[in-house]
Amino acid sequence: MNKPQAPPDLCPLCGGRTGPGETVFAVELGSGVAVVRHVPARVCDTCGESWIEDRTAGKLEQMVDRVRREQSQVEVLAYSD
């Protein structure tokens, strides 16, 4: 049986309200770490959990792929459209 989904403006974890905000995305690449700041996301005003939309996730994937190809040990980037 599937768990009922919370409405889009409610946090599925705590029931708080979500709204537009920013988050930090970090990923371990094996050869290094990529950190992307100022990532647009839906952020819960109660627990602080964040959700990244599919379009944004696709852009993050492109950014991380570039860091992986360059084999940087540590890369800190600012998100931009």
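The values are calculated or read from the model by the stated rules, or taken from the named source; none is laboratory data. On a predicted model such as this, the values are computed, not experimentally measured, just so you know. With ideal geometry, Cβ positions are generated from the backbone for all residues, glycine too; neighbour counts draw on all protein chains shown.
Here are some residues: LEU60, LEU10. Which one is surrounded by 14 or more Cβ atoms within 10 Å (Cβ to Cβ) and touching a residue at least 12 places away in the same chain (Cβ under 8 Å)? Even if it seems obvious, please write down each step before you answer.
Numbers: LEU10 fails: touching a residue at least 12 places away in the same chain (Cβ under 8 Å).
After applying the criteria, what remains is LEU60.
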Problem - Identity of the residue in the range 28-47, at pLDDT 95 or above and of a type in the set (Gly, Ala, Ser), that ends up farthest from GLN71 (Cα to Cα) - result: ALA41
Completion exercise
Restricted to the range 13-53 and to residues being in a loop (DSSP other than H, G, I, E, B) and without any contact (Cβ under 8 Å) to a residue 12 or more places away in the chain, the residue farthest from the chain's Cα centre (by Cα) is GLY30
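Please go through the range 43-57 and pick out each residue that is among the β-branched types (Val, Ile, Thr) and loosely packed, with under 15 Cβ neighbours inside 10 Å.
Step one: list which residues in the range 43-57 are among the β-branched types (Val, Ile, Thr), which gives 43, 46, 52, 56.
Residue satisfying the conditions is THR46 alone.
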